[in-house]
Amino acid sequence: MTEHPGDAPSARSGPREEGLGRPPFPRPRACATLSLVSDSSKRRRSTAPSGSGSGRARAKGDAAGDSVALAAAPYLTRGVELDALLVTVVDSIVEHLDAERGTLYLVDGRSRTLTSVVAHLPELERIRLDFGQGVAGTVAAQGQIIAVSDPGADPRFDASIDRQTGFSTRSMLALPIRDSAGEVIGVLQLLNAGRGQFTLADQAKATTLATSAGQVLQATSLYADLRARSPLEREADPEPSEAVEEPDPSQSQIRPGPKYTFNQIVGESRAMRQVYAIVRKAAGTDATVLITGESGTGKELIARAVHVNSPRREQAFVKVDCTTLPEALIENELFGHERGAFTGAHRTAPGKFEVADGGTLFIDEIGELPLTLQGKLLRVLQDREFERVGGTTTIRTDIRVICATHRDLPAMVDAGAFREDLYYRVRVVPIELPPLRDRGSADRLRLIEHFVDRYGRRHGRPIHRVTKAAQARLLEHDFPGNIRELENCIESAVVLSDEGTIDVDDLPLAPRKAKRGRTQQGSVPTETGQSSGHSGPNLGLQLGDPTLSLAAIERAHIEAVVQACEGNQSEAARRLGIGRNTLARKLGHS
């Protein structure tokens, strides 16, 4: 074991010349070893410093900690690959401290281990240390900064990797990274100071930088995995029956270690890893992407991940939701209009295709796009040109289009409700998101912990414990609303809980009437949700009755589904496979 993964010899550029601010060595590229980061994504990364020392020419008034936060700021609220964010943090600190190498360890406080996730030019994929092991492990255990001027004479230093790689460690500075509560969540290790040794001034600057790095880590999806105490872990119960209870098998899945691929996207199940693999491939191209999946599965997050990991990341990400716009306004929203195109059009207005020029246009719920506009969209996808409403001038646009829907588009194609040529044009890169129920208990536990942490901090109500009964209820519920339903459930529980504990009674999960609205084959539900395959007063609608119109049967079914969903039209639209606007129109017809 060692504290600096895979350090290799670096080419020397001769003694440092005084006054030039140039390091005595070319700083190598930092690489991340976070789980599931592909080699191709590492090759794509361009965040490493050039080694010219230009960062040290900043104005003296600039705060070092602020520079770390500013460097990481573009990544914090977006679905970027976490290795890019962490590399940016480490590179910024290494540059400010004028060190040759840097390694970031993330701490798993519950297993009392730490794992290297970012290192400069690593030859070893990953280093895992126990608390107290080596210099970095000692820092994690004691929470104090350690400066080593002569590593060979320090018993805490393990020189085995130096012998394996030929690298020479001449000086070392290791310091804890803490969260806002003071808990150690990481260790930063710097090797070989540019001046020969790390001074007291370096230690003071490093402490400021580490504070900023802690704030950055606390703002990522990794944070819930780094804390020493999880609210999902089983608390000791004084009851004798609890003391002899067999271990809960699900508890072994709570702490699989820090595994995240994209910031703000939680989950590392097999199904989600397959999604991430496609996202990486799609991000490097301008190919049109079609994201499918049930409502609440995170289609917009995945769309943003494709955009922010693409060459268009610095340009606009523009969203159009086809379910929130009346049919008459969708064309105007997409294509814009010329002055005088219609009553009230007092000025020319650009549409989303123009606003998104150079960036990405995300068309959500494309299945709700009227047939009359599908041909115009097809032309934009094929030729990247269009005309505004009421205009004759052809406008060219440079955009990347990402579409999403919860509808069954092939079935709509068969029914004549969606153009077949448009379907094949938008489905160049298909990404199908799994429902929450198919992602396994480990992903669900990660999401629970993530939302408990997020909303506990947002509402100022820290949660220290989620009882076993509450966990069991959350794991057994099918969550037809998927992640959106789980998130809203956890936020409600955080607000309504007492004394920092979420119990089963705090969860707003009413038992669903699964049988309501379901009928026997050959019958149609009435407005009370009962099967109509019998006679009597207030007869329902019988399939095959030649006196009934198709509209009447459709209306009866829609109303029964709405009633089965207890008046929740969004949920009813999801179950019917139509948009909410479409549902509203159909309910409005007599």
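The values are calculated or read from the model by the stated rules, or taken from the named source; none is laboratory data. Source: prediction; values computed, not measured. Note: ideal-geometry Cβ built from the backbone for every residue, glycine included; neighbour counts use all protein chains shown. These area figures cover heavy atoms from the full protein model, side chains too; ligands, DNA and RNA do not enter into them. Shrake-Rupley method; radii C 1.70, N 1.55, O 1.52, S 1.80 Å.
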Q) Based only on Cα atoms, what Rg/Rh ratio does segment 436-506 have, Rh being taken as Kirkwood's radius? A) 0.93
**Q.** Mean Cβ count within 10 Å, highest first, over the residues of peptides 443-452, 475-484
**A.** 443-452, 475-484
(Q) As an exercise, take the mean of 1/r over every pair of distinct alpha carbons in segment 270-432, invert it, and state the Kirkwood radius in angstroms. (A) 16.2
Q. Taking 0.36 nm per residue of separation and subtracting the Cα-Cα distance, what length does fully extending ARG458 through GLU476 add?
A. 3.8 nm
Q: Could you tell me the distance between the Cα centroids of segment 265-344 and segment 377-413, to the nearest Å?
A: 13
Q. Once amide H atoms are placed 1.01 Å from N in the peptide plane, what residues at a sequence separation of 5 or more from GLU432, or on another chain, have their amide H within under 5 Å of its amide H?
A. THR292
Q.
Report the gain in length on full extension from ARG112 to GLU499: 0.36 nm times residue separation, minus Cα-Cα distance, nm rounded to one decimal.
A. 136.6 nm
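Of all accessible surface on segment 436-506 at a 1.4 Å probe, what whole percent is carbon and sulfur?
Values: 1350 of 3030 Å².
Result for segment 436-506: 44 percent of the exposed heavy-atom area is carbon or sulfur.
Between ALA349 and ARG384, what is the FRET efficiency for a Förster distance of 22 Å, r being their Cβ-Cβ separation, to the nearest 0.05? Walk me through the intermediate numbers first.
Details: r = 20 Å, r/R0 = 0.92.
Calculated transfer efficiency: 0.60.
Roll a 1.4 Å probe over the protein chains and send me the accessible area per residue for segment 338-413 in Å². Walk me through the intermediate numbers first.
Working: 3210 Å² over 76 residues.
Heavy-atom SASA per residue in segment 338-413 reads 42 Å².
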Q: With a point put 7 Å past each Cα toward its Cβ, work out how far ASN568 is from ARG163 in nm, to one decimal.
A: 6.3
Q | Protection proxy ranking, peptides 422-429, 326-333, average beta carbon neighbours within 10 Å, highest first | A | 422-429, 326-333
Q. In the structure shown, do any of LYS352/LYS586; LYS299/LYS352; LYS376/LYS586; LYS205/LYS299 have a Cα-Cα gap over 31 Å, and if so which?
A. LYS205/LYS299
